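Data block below; observations after.
The values are calculated or read from the model by the stated rules, or taken from the named source; none is laboratory data. The structure presented is a predicted model; accordingly, all values stated were derived computationally and were not measured. Note: ideal-geometry Cβ built from the backbone for every residue, glycine included; neighbour counts use all protein chains shown.
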Amino acid sequence: MKFCELVRKAIEDEMDKDETVICYGLGVTDPKGVFGTTKDLHKKFGNKRVFDMPTSENGMTGIGVGAAIMGLKVIMTHQRVDFFLLAMDQVVNSAAKMHYMYGNQLNCPIVIRLIIGRGWGQGPTHSQSLQAWFAHIPGLKVVMPTFAEDAYTLLREAIQDPNPVIYLEHRWLHETNESSVKGNISIGKARICREGKHCTIVSNSYLTLESIKAASYLSERHGIECEIIDLATVKPIDEKTILESVKKTRRICVLDTGFEICGLASEIISMVCINNEIELIDKPIKGSMKDIPEPTSYGLTKNTYLDAADISRKLLKMFKETIVENELMKLKPTRHDIPGDSFKGPF
Amino acid sequence: MDEQIGTKWMKMKKESEKEKKVIYKTMKRIRMIEEAIAEKYPEGKMRCPTHLSIGQELTPTIISMLTSKRDKAVSTHRCHAHYLAKGGSLKRMIAELHGKTNGCCKGKGGSMHLIDMKVGFMGSSAIVGNSIPVGTGIALAEKIRKTNNISIVYLGDAATEEGVFYESINFAALKKLDILYVCENNLYSVYTPLKERQPPNRNIVETVKSMGVEYTKNLTERKTEDLYKELKLVLGKIKKNGGPGFVEVETYRWREHCGPNYDNHIGYRNESEFMEYQKTDPLNMLEQMLTKEVVEFEIWKEELEKRISDEISRAFEYAEQSPWPEETEGIKGIYADNGSYK
């Protein structure tokens, strides 16, 4: 099954199992059902439990918080993270604080599904990856699944989590059906999706798929064995898995879909650098979005996004290997603004 | 007078006297508690921003009389009167102001974040407008669960300038939620008067009405009996027919926005306005009314004051004797499941 179908199935299975689960968001009941992730759920569960909403991001988040502290489990969906910025008061001052501020007397079990992305001219306000914003706030959990099966497992767990969980779906993953590699996944646990001894790559969401491509190339052509950690949960971050891996490889490359300033990549690199038991052989590599708004034009976005070729180039430099440009070109997608030919927009 | 009508009249008079005494008792208690906080605040033991409800006791008093503990309420930064009227624990409130472990939030909330779930007081927020959707979500949960409980959302006049106010009202009207929004208009947002914030002749009630809220009313605390009757009517209609209600109540804050002092001298409002509202102080007016109507009211009042004053002393003693939270408490309870946070 595809990522988007498994998101839908996770919601359906939880709603089947637990009648306190409700699900709402703009477009949840429309014919497209948020890229298929909520399609027809209202037909099965009725409009008391699955409903569309007024275009009131902040209000509806607060309403979710109110319902959640009363014991309902709330799943809320937005078509893009960028719209959700209107709701920062409710997520930061209400959802994240309820449990702590009221002396642990109540919980706020709310899952906020936000879609991040890149390409197809999404432009400055439809393409941001703001996981660092949410991870900055005590009391929130932040989940970013990469593999379709993990999307299912983590969403089910998020719905049953007694805390507010920000669940970030990359638009370029919706149509993928990558099955996860070995091992169990749960919130707070990163996934080692490739073992290696030379360098640890910590990556998240769509960039993990590009990392895997890069790692195969580096292994086959240069004998560089990368260990890839797919973060899956940004918060609480799986410090243990990251540090153990870097203790072994003594090299780190962190890739993040978000912006570079005060971002997740900086955070992970600092975590590694201040650890007394780690002595790096090479300077860490940081791969994030530049500190510029994402432009819209096809002509302007060519060098905006990280792909397997960019990742390979960074690592080849680290290992002082010869860079064979025409080989790297083969790692590039035919068009930089789409995940594959199946993606035809419009959003 | 016809004997039957006479008996009925006597009965009504007695009932209204009883109700007035309950209102007086609750208001007086809140006033005395707030005055005690103001008096002790300069000692520096209550180390958090504190917004006193003095002058604004009547509306929550009446609303709590007309609702039950099953009905929920949420409030604002100025939440003491709402919390106390609803039956929130005094001891735990005073302990919370002192930052002590027995406080209603274990010392993690302070004056602006009171909660007592036992009596349906579901919290209050320091951010203007923040609790409006939360209270609306509570009403949604009650509706999904078919409980018939009413949610009360207290807000100030400034919150009607926040987008989330309209978002919440819209949703409550759309879903016909059993909720009463109570806008206490005390004319100021901190020190900024209404005229700096809203165009002249803006009628908040009319605005809300036009959004599809059926039960709306403009009210004032200057007329206790009318306020009681109108609130009873609105709450009764919501209980019976469902659907949201909205009332705007004219009220006045006596002390400074935040803190224990009077602030008429600093220049944002004038003494004459303040004196005007003092003249119509609902507590004082009710006291005058009861003095005339109730036999031996003075004795009853003295006993009442003594009882409240003892209760307040005990609450402050309790707070002062409560231990500080252990230092490690500050890093606990961030998540509801401790397991996954290392």
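Observations on the structure shown:
- Residue tally, condition part of a helix (DSSP H, G or I) and under 13 Å from B:His82 (Cβ atoms), over the range B:34-64: 8
- Residues satisfying the stated conditions in the range A:156-181, i.e. within 24 Å of A:Lys73 (Cβ to Cβ) and among the basic types (Lys, Arg): A:Arg156
- Residue that is surrounded by 11 or more Cβ atoms within 10 Å (Cβ to Cβ), part of a helix (DSSP H, G or I) and under 25 Å from the mean Cα position of the chain (by Cα), where the choices are B:Arg314, B:Arg269: B:Arg314
- Criterion: at pLDDT below 95 and outside any loop (DSSP other than H, G, I, E, B) - qualifying residue of B:Glu225, B:Glu206: B:Glu225
- Filter pass, B:Glu17 being surrounded by fewer than 19 Cβ atoms within 10 Å (Cβ to Cβ), over 30 Å from B:Thr147 (Cα atoms) and touching a residue at least 60 places away in the same chain (Cβ under 8 Å): yes
- With a requirement of 1 or more residues that are within 14 Å of chain B (Cβ to nearest Cβ) and modelled with pLDDT of 95 or more, the strands (runs of 3 or more DSSP E) lying completely within the range A:184-284 that satisfy it span A:233-235.
- Residue among B:Glu287, B:Glu329, B:Glu250, B:Glu311 that is within 30 Å of A:Cys108 (Cβ to Cβ), touching a residue at least 12 places away in the same chain (Cβ under 8 Å) and of a type in the set (D, E, K, R): B:Glu329
- Selected residue [of a type in the set (Ser, Thr, Tyr), touching a residue at least 40 places away in the same chain (Cβ under 8 Å) and more than 14 Å from every other protein chain (Cβ to nearest Cβ)] from B:Thr50, B:Thr76, B:Thr61, B:Thr101: B:Thr50
- The residues in the range B:240-262 that are in contact with a Phe, Trp or Tyr (Cβ under 8 Å, 6 or more places away or on another chain) and in a loop (DSSP other than H, G, I, E, B) can be counted, and the count is 11.
- Given (1) within 11 Å of chain A (Cβ to nearest Cβ); (2) crowded, with 24+ Cβ neighbours inside 10 Å; (3) of a type in the set (Gly, Ala, Ser), index of the condition B:Ala173 fails: (2)
- Scan of the range B:121-135 for residues that are more than 7 Å from chain A (Cβ to nearest Cβ) and surrounded by fewer than 23 Cβ atoms within 10 Å (Cβ to Cβ), ordered by number: B:Ala126, B:Val128
- Hits in the range A:7-32 - residues which are within 21 Å of the chain's Cα centre (by Cα) and either hydroxyl-bearing (Ser, Thr, Tyr) or modelled with pLDDT under 95 (or both): A:Tyr24
- Only one entry of A:Arg191, A:Arg156 meets the criterion of being in contact (Cβ under 8 Å) with a residue 12 or more places away in the chain, closer than 29 Å to B:Asp337 by Cβ and surrounded by fewer than 20 Cβ atoms within 10 Å (Cβ to Cβ), and that entry is A:Arg156.
- Any hit, the range B:182-191, residues being under 27 Å from B:Glu17 (Cα atoms) and at pLDDT 95 or above: yes
- Residues satisfying the stated conditions in the range B:153-186, i.e. aliphatic (A, V, I, L, M) and touching a residue at least 60 places away in the same chain (Cβ under 8 Å): B:Val153, B:Leu155, B:Ala159, B:Ile169, B:Ala172, B:Ala173, B:Leu177, B:Ile179, B:Leu180, B:Val182
- A:His78 passes every criterion in (1) more than 9 Å from every other protein chain (Cβ to nearest Cβ); (2) out of contact with any Leu (no Cβ under 7 Å at 6 or more places or on another chain) apart from (2).
Each row is one residue, and each column tells you yes or no for (1) more than 29 Å from A:Met15 (Cα to Cα); (2) under 11 Å from the mean Cα position of the chain (by Cα).
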residue: A:Ile112; (1), (2): no, no
residue: A:Gly121; (1), (2): yes, no
residue: A:Pro124; (1), (2): yes, no
residue: A:Val142; (1), (2): no, yes
residue: A:Thr146; (1), (2): no, yes
residue: A:Thr153; (1), (2): no, no
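- Among all residues of the range A:23-41, there is none that is out of contact with any strand residue (DSSP E or B) (no Cβ under 6 Å at 6 or more places or on another chain), more than 23 Å from A:Val142 (Cα to Cα) and hydrophobic (A, V, I, L, M, F, W, C).
- If you go through the range A:86-109 and keep only what is within 7 Å of another protein chain (Cβ to nearest Cβ) and in contact (Cβ under 8 Å) with a residue 40 or more places away in the chain, you end up with A:His99, A:Asn107.
- Among the residues of the range A:41-61, those that are among the small types (Gly, Ala, Ser) and touching a helix residue (DSSP H, G or I) at 6+ places or on another chain (Cβ under 9 Å) comprise A:Ser56, A:Gly59.
- Residue in the range A:41-59 that is within 13 Å of chain B (Cβ to nearest Cβ), in a loop (DSSP other than H, G, I, E, B) and in contact (Cβ under 8 Å) with a residue 40 or more places away in the chain present: no
- Filter pass, A:Ile112 being in contact with a Leu (Cβ under 7 Å, 6 or more places away or on another chain), more than 22 Å from B:Val128 (Cα to Cα) and touching a residue at least 12 places away in the same chain (Cβ under 8 Å): no
- Number of the exception - B:Ala36 against (1) in contact (Cβ under 8 Å) with a residue 60 or more places away in the chain; (2) small (Gly, Ala, Ser); (3) more than 17 Å from B:Ile308 (Cβ to Cβ): (3)
- Residue satisfying condition, being more than 13 Å from chain A (Cβ to nearest Cβ), surrounded by 24 or more Cβ atoms within 10 Å (Cβ to Cβ) and more than 16 Å from the chain's Cα centre (by Cα), within set B:Ile138, B:Ile94: B:Ile94
- Candidate set: the range A:88-118, residues that are aliphatic (A, V, I, L, M) and farther than 25 Å from A:Thr146 by Cβ; chosen: the one surrounded by the fewest Cβ atoms within 10 Å (Cβ to Cβ): A:Met88
- Evaluation of B:Pro325 against the conditions (1) surrounded by 18 or more Cβ atoms within 10 Å (Cβ to Cβ); (2) under 23 Å from the mean Cα position of the chain (by Cα) shows that the sole unmet condition is (2).
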